[in-house]
2 protein chains.
Amino acid sequence: MGLVVQKFGGTSVGSVERIRKVAERIAKSHADGDQCVVTVSAMGKTTDELVSLARQMSDPPPQREMDVLLTTGEQVSIALLSMALMERGLKARPMTGWQAGIQTDPIHGKARIEEIDTQRVRQSLDQGEIVVVAGFQGVSSDGEITTLGRGGSDTTAVALAAALEADRCEIFTDVTGVFTADPRMAPQAGKLKEISYEEMLELANLGAGVLHPRSVECAMTHRVPLVVRSSFVDEEGTWVKEAANMEEELNVRGIAHDLQVARIKVLGLPNQTRALTTLFGVLAEAHINVDMIVTSDHDNDRIDVAFSVHEEEWEQAEKVIEDHGEELKYLEVVSETGLAKVSAVGAGMVTHPGVAAKMFTSLSEAGIRIRMVSTSEIKISCAIAKNQAEKAVRELHSVFGLDVEEQTLVGASS
Amino acid sequence: MGLVVQKFGGTSVGSVERIRKVAERIAKSHADGDQCVVTVSAMGKTTDELVSLARQMSDPPPQREMDVLLTTGEQVSIALLSMALMERGLKARPMTGWQAGIQTDPIHGKARIEEIDTQRVRQSLDQGEIVVVAGFQGVSSDGEITTLGRGGSDTTAVALAAALEADRCEIFTDVTGVFTADPRMAPQAGKLKEISYEEMLELANLGAGVLHPRSVECAMTHRVPLVVRSSFVDEEGTWVKEAANMEEELNVRGIAHDLQVARIKVLGLPNQTRALTTLFGVLAEAHINVDMIVTSDHDNDRIDVAFSVHEEEWEQAEKVIEDHGEELKYLEVVSETGLAKVSAVGAGMVTHPGVAAKMFTSLSEAGIRIRMVSTSEIKISCAIAKNQAEKAVRELHSVFGLDVEEQTLVGASS
């Protein structure tokens, strides 16, 4: 008998009928003898509807009030799912974020979990109850309702699993696991049996979309074994866990892509370390996430800096830079949208030289121009034109031996 | 400068546009220099929709989970109303029941407020904020979300006013005040300028529908001056307060009616006090409210008992009695539906003999048969056939000099 935390997303609880299916799924785990803590998102389009209601009132709506509004979505889900479980004769108890002891910092709209007081959850588990916790929400130390922002429900699940020292955390979603590439882009993609936290983190950050990077980070820090699996199909999912013996045998585990990339070039910055510090400092203050960064000489006294941001943030980023023009003393800012990023990810990459060369060669042979490059120990990313992204993903998937027919790698299954 | 608690019901906050109007109304009070605490209900049909969702899942739905579900309705309202106030440049702070310190007993679905910890509300008021509190909800001492049941939002407002020692509590509703009778039944009805708590309590209990009896009871106990007024029309409402000089001049202040009455006759109960105690004991245990009670002799050893209940509860009441047949040892139970109750209410009644006689005479002259009678110090109620209720209300309204043309009474205005 173990303790398992299960998370079901908005699509999985999108209707009364689907919530009943979820209850059935949980009942199965419970019947296997597991103690169950379940976290759920808001039903289907609820959050969108609430956002639209708020925008009619105030645009942009104030964030603290938004949190009060949006958290009702998950509260509806925990009530209905608990009813569905009780209807099956199981004992269940719904808990909002504050009831489940989820303490966050006070940053409304993107709060971070600081601590979980698990007393109430444990008491309920000890009474043989299935605990149904509202995802995405918490309470700040001064008693305000907060939301965790994007990927919040995954993070709630993983953080609860960590705090409860659960045996595993199961993320139920609308796909059957983590794939070597997005099957919509590369039909040859296969599902991975397992993947390391580090690789998953790169994939999550690179737009694989199955798990939010925050939740993977949290799982990695607390060494919580994660399984990503389907709410609708009863099959083995993908395990995300410590690397173990996986590295040696693998070069590239998957190809990720992100279709919403913009590039900003700041030309002619003074050639001083302080200039870069100031540039990325003001962007960070404005909460703009900068991804790839490339610098090059402009002339003897000046440098050019190019970096990528999320497509939705390029206008704000440009404005922030222009607002600090006097301080930064650059010559010109040039932005470009319509870009994508494709990445090859694999923990074994660092010990296998030649991966980068192989990637550049295959893209260039496919007639795809590389605009920027960034690398880490376990990934290589290239910014390219958005309309060439699909071609690039298929090309790389094939070049790195991931196509289903060819797979002989430990981590992948057909 | 005073402290005022204002309550707006579901119709008043039924849409984004109406919430804006409510914000405008509150802004006016705030501009007059009042500190404002506002309580709101769920938007229009929200509660009905949530109930229907729950029923699809489980029927009847479990009460604790129902409370978790239903309280989201008011939470949406406080978020949106706070946004609307902030949009007008005012400082506002939304608070759920638990945030506002509303402690209740643990009876889900019909909890009673035990205590209000006003610290958080006062802090917010001290900062010049308008505090927007979710009506109808609270939290039990073991941290479960509770609802107050019918009339809950009125009760929240009055209880907050009492705890904060507010100068007044304004109940904004879809009528302009308390009338001498329901204007839909008696077009001659006029609005009262003021009415005593005791009279209002009788009217509320008798189905006048403007204020829930619980809230009037709470106002009476804590001597909170209440005003009932319109959300939509800017005119003086009706004050509900201590009796002062009103009594002497008045016989009957209003005519109330209740169209959902059923009568149950238990024939041939053993003529022992214990039999009555048992009968009304088992009904109370089943949470069935018994209203009028009449007993009469059956024969030397047995008595007949007739009593009225809410029309929706007669079947349950009959079942409870039948389930205790062995204990009660009665001969027969006979139930009758399709009844109504009409009542004349007035604090001066007790010192003006002849009110009852006048009432019985006028009903009988109008060809209306009286099925049961019950009296208190300030009211006389008669059960009659439902299809004669309107006629009875008009008749009594006229006989007791309440028709607008004739009114010279202190309490009434045209």
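Brief remarks follow.
- Look at the dipole of chain B built from charges on Cβ: of B:Phe136, B:Ile321, B:Gln75, the Cα furthest out on the positive end belongs to B:Gln75.
- Share of carbon and sulfur in the accessible heavy-atom surface of segment B:195-299 [1.4 Å probe, %]: 47 percent
- Highest-fluctuation residue, B:Glu315, B:Glu390, B:Glu74 considered, GNM on chain B with Cα pairs under 10 Å: B:Glu315
- Lysines whose Cα lies under 19 Å from that of A:Lys386, excluding same-chain neighbours fewer than 8 positions away: A:Lys265, A:Lys341
- Inverse of mean 1/r across different Cα pairs in segment A:3-244, Kirkwood, Å: 17.9 Å
- Area projected by the alpha carbon convex hull of segment B:1-55, averaged over all directions, nm²: 3.9 nm²
- Principal-axis tilt of helix B:63-87 within chain B, Cα atoms, nearest 10 degrees: 40 degrees
- Distances in nm from B:Glu115 to the matching label points in the other copies, shortest first (labels 7 Å along Cα to Cβ): 2.4
- Pseudo-label separations to other copies for B:Pro60 - Cα-to-Cβ vector, 7 Å, nm: 4.7
- C-alpha long axis of helix A:46-57 to longest principal axis of chain A, angle in °: 70 degrees
- Translational diffusion of segment B:108-182, estimated by Stokes-Einstein from the Kirkwood radius over alpha carbon pairs at 4 °C in a medium of 1.567 mPa s, is 93 µm² per second.
- For a paramagnetic label modelled on B:Gln119 (point 7 Å from Cα along Cα→Cβ), amide N atoms under 20 Å away belong, within segment A:108-123, to A:117.
- Exercise: per-residue mean of other protein chain Cβ atoms within 10 Å, B:82-92: 4
- For B:Gln188 and B:Ser376, a Förster radius of 25 Å and the Cβ-Cβ distance give a FRET efficiency of 0.50, rounded to the nearest 0.05.
- Share, in percent, of DSSP beta bridges within the protein assembly as shown that are antiparallel, nearest 5: 65 percent
- For B:Asn271, the label point sits 7 Å beyond Cα toward Cβ; its separations from the matching points on the remaining copies run 11.9 nm, from shortest to longest.
- In segment A:37-66, comparing the full protein assembly with the chain on its own, the residues that lose 20 Å² or more of accessible surface at a 1.4 Å probe are A:Leu53, A:Gln56, A:Met57, A:Ser58, A:Pro62, A:Arg64, A:Glu65.
- Furthest towards positive pole of dipole, B:Gly10, B:Ala84, B:Leu164, structure part segment B:3-174, Cβ charges: B:Ala84
- Ranked packing of A:367-376, A:262-271, B:125-134, most packed first, by mean Cβ within 10 Å: B:125-134, A:262-271, A:367-376
- Given B:Lys7/B:Lys379; A:Lys7/A:Lys45; B:Lys45/B:Lys191, the pairs whose alpha carbons are separated by over 24 Å: B:Lys7/B:Lys379; B:Lys45/B:Lys191
- Cross-link partners of B:Lys329 among aspartates and glutamates (Cα-Cα below 16 Å; sequence separation of 8 or more within a chain): B:Asp297, B:Asp299, B:Asp301, B:Asp304, B:Glu318
- Computed from Cα atoms, the angle from the helix B:314-323 axis to the main principal axis of chain B rounds to 60 degrees.
- Accessible surface, 1.4 Å probe, highest first, among residues B:Ile107, A:Ile116, B:Ile255: B:Ile107, A:Ile116, B:Ile255
- Remark on chain B: hydrodynamic radius 22.9 angstrom, per the Kirkwood mean of 1/r across alpha carbon pairs.
- Calculated FRET efficiency for the pair B:Val51/B:Leu267, C-beta based, R₀ 41 Å, to 0.05: 0.60
- Buried accessible area, chains A and B (both chains, 1.4 Å probe, Å² to nearest 100): 3500 Å²
- Beta bridges per DSSP with both ends in segment A:3-244, % antiparallel, nearest 5: 25 percent
- More than 56 Å apart - percent of Cα-Cα pairs taken over the protein assembly as shown: 26 percent
- Between B:Val16 and B:Phe280, the simple spin-label model (points 7 angstrom out along Cα→Cβ) gives 5.4 nm.
- Placing a label point 7 Å from the Cα of B:Leu331 along the Cα-to-Cβ line, the residues of segment B:285-316 whose backbone N sits under 19 Å from it are B:294-307.
- Computed from point charges on the beta carbon alone (+1 for Lys and Arg, -1 for Asp and Glu), the dipole magnitude for the protein assembly as shown about its Cα centre is near 760 Debye.
- In chain B, the beta-carbon sitting nearest the axis that superposes B on A belongs to the residue given here with its distance in angstrom, B:Thr72, 2.
The values are calculated or read from the model by the stated rules, or taken from the named source; none is laboratory data. Just so we're clear, the structure is a prediction, and the values are computed from it rather than from any experiment. Positions of Cβ are generated from backbone atoms using ideal geometry, with glycine treated the same way; all protein chains shown enter the neighbour counts. Ligands, DNA and RNA are stripped out before the accessible areas are found, and what is left, the full protein with its side chains, is counted by its heavy atoms. Shrake-Rupley method; radii C 1.70, N 1.55, O 1.52, S 1.80 Å.
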